[in-house]
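Before any comments, here is the structure.
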Amino acid sequence: MGDSKDEREKFQEELIGLDPHDPETKAFAEHLDRMKRERPGFTVEGYLEGVQDFADSANRTTGHQRLLAVIVVGLLLLGVILTIWFALGDILSIIF
């Protein structure tokens, strides 16, 4: 998190008794910030922030959770590639 006073005081109640300079406390405060952040859900920016959160979470995980994230991304890419392939096939069949 940043050093501004508002950001430090935002989660004061949840962080009572914890060392503010401890890396685990900072990570917990960042987690709380991500959980309580409100973003527009029906805009391109909102969707992209959701994808960024997913990518950041996937990069922090290890083991089975990371494998599952890689499989989800792979399936999404496979779906996009198949959609483009079939669309190009239809376009080429119409033209020729």
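The values are calculated or read from the model by the stated rules, or taken from the named source; none is laboratory data. All figures in this text were calculated on a predicted structure; none of them were measured in a lab. Cβ coordinates were reconstructed from backbone atoms using ideal geometry, including for glycine residues, and neighbour counts include every protein chain displayed.
On inspection, residue 51 fails the criterion of being at pLDDT 90 or above and not acidic (Asp, Glu). Pairs meeting the criteria (first residue in the range 50-75 and part of a loop (DSSP other than H, G, I, E, B), second residue surrounded by 11 or more Cβ atoms within 10 Å (Cβ to Cβ), beta carbons under 9 Å, at least 6 apart or on different chains) are 61/68; 61/69.
Screening the range 14-41 for residues that are assigned to a loop (DSSP other than H, G, I, E, B) and modelled with pLDDT of 80 or more and picking the one that is nearest to residue 72 (Cα to Cα) gives 22. Listed by first and then second residue, the pairs linking a residue in the range 20-46 that is under 18 Å from residue 57 (Cβ atoms) to a residue that is hydrophobic (A, V, I, L, M, F, W, C) and surrounded by 13 or more Cβ atoms within 10 Å (Cβ to Cβ), with Cβ atoms under 7 Å apart and 6 or more places separating them unless they lie on different chains, are 26/1; 29/1; 29/11; 29/15; 30/1; 32/11; 33/1.
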